[in-house]
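Novice: Here it is, the structure in full.
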Amino acid sequence: MTGNHTAQEPKHKRDLTRRKVVAAGAGAAAAVGVGGTLAAGAFAGEPTAKGASTAAAKASASSSSTAGETCYKLTSETTEGPYYIDADKLRQDITEDKEGIPLTLRIKVIDAESCKPVGNAAVDIWHCDALGLYSGYESFSNGGGGGTPPTDAPSGTPTAVPSGTPTGEPPAGGGGGHEEPTSDTRYLRGTWRTDRKGFVTFKTIFPGWYQGRCVHIHTKVHVSGEWTDAGYEGGTTCHTGQFFFDEETVLLSAQEEPYSTSTTERTTLDEDTIYDQSGTTGGLLKLKYKKNDIAKGVQATITVGVDPEATNTGT
């Protein structure tokens, strides 16, 4: 499940030297407020997960790390999945009109070798809605009513659904290939820059699930590009990964509407074929919420260790 670092991108992807995004309206550029519970200290001292694969990890300690903060291993790379759309929405609030449990996602990007924050990076996130649909690709799935799942699985991974399961239009070439958008919707997708301390915050909803995958959020980190009035240009993609949610939280979310109306069988975190079971290193989010009232919202944080000099293909 570990991505390959190479100087050449797949043929289906756009040349990142021509990568350009159109900025959203002025209102979309407003910063998302974050409560005191999401102060920088929330990231200090989070332990690196045990059991991470050597292909996806570097040394976890460094004398150059700031006082009281653990230096993280290189965060696991994963497939980008078939439904990535090159960042065409510069915004922090990606919710649009989608219903669901409010989710504030705060990411800190650091150089996994030096532990220094990576500022001015472009971070993409995208995920399905509460019933399992991806914007731009609604025709590939029936959401909560079943349908052929967008598995994100690498080529060769079995993706067959049990006999009798309702099926929708299958992704051409399997779950590991890229698909061209079939609609102009772009909800639950966005790109924003990290500040000088490496932080970036998004406002969205708690993702739902679809057949074959646990609850997750996709991400990419781009570096060495240029922010202009038109958007973000050039640069390279140094990280392609996914963020994951612990089972206890997912079970609580499933009791709330509209998640509770889904009829799709859910894959657990332990059963997922993409998550590498390595905790924070594998993309497992740290979550905070009121257990007796999760509908009020969830705050998610994670530190992502990247190699700014690498190029990740997402395959």
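Novice: If I filter segment 156-166 for residues that are in a loop (DSSP other than H, G, I, E, B) and at pLDDT 95 or above, do I get at least one hit? So that I can check it myself, show each step before the final result.
Specialist: If we filter segment 156-166 for residues that are in a loop (DSSP other than H, G, I, E, B), which is where we start, we get 156-166.
From what's left, at pLDDT 95 or above: none.
The answer is no; no qualifying residue exists.
Novice: Conditions first: (1) farther than 30 Å from residue 262 by Cα; (2) surrounded by fewer than 24 Cβ atoms within 10 Å (Cβ to Cβ). Residue 220 passes all but one, so which condition is the exception?
Specialist: Answer for residue 220: the failing condition is (1).
Novice: Here's something else I'd like to know. Which one is most open to solvent (accessible area, probe 1.4 Å) among residues in segment 230-286 that are closer than 28 Å to residue 110 by Cβ and in a helix (DSSP H, G or I)?
Specialist: 248
Novice: For segment 86-135, give me each residue that is assigned to a loop (DSSP other than H, G, I, E, B) and over 30 Å from residue 252 (Cβ atoms). Outline the logic, then answer.
Specialist: Here is the first cut: in segment 86-135, the residues assigned to a loop (DSSP other than H, G, I, E, B) are 86-89, 91-92, 94-101, 112-116, 118-121, 127-135.
Scanning segment 86-135 gives 86, 87, 88, 112, 113, 114, 115, 116, 118, 119, 120, 121.
The values are calculated or read from the model by the stated rules, or taken from the named source; none is laboratory data. Here the structure is a predicted model, which means the values were calculated and not measured. Because the Cβ atoms are built from the backbone with ideal geometry, glycine has one as well, and the counts that use them run over all protein chains shown. In case anyone asks, the SASA skips ligands and DNA or RNA and just uses the protein heavy atoms, side chains included. Shrake-Rupley method; radii C 1.70, N 1.55, O 1.52, S 1.80 Å.
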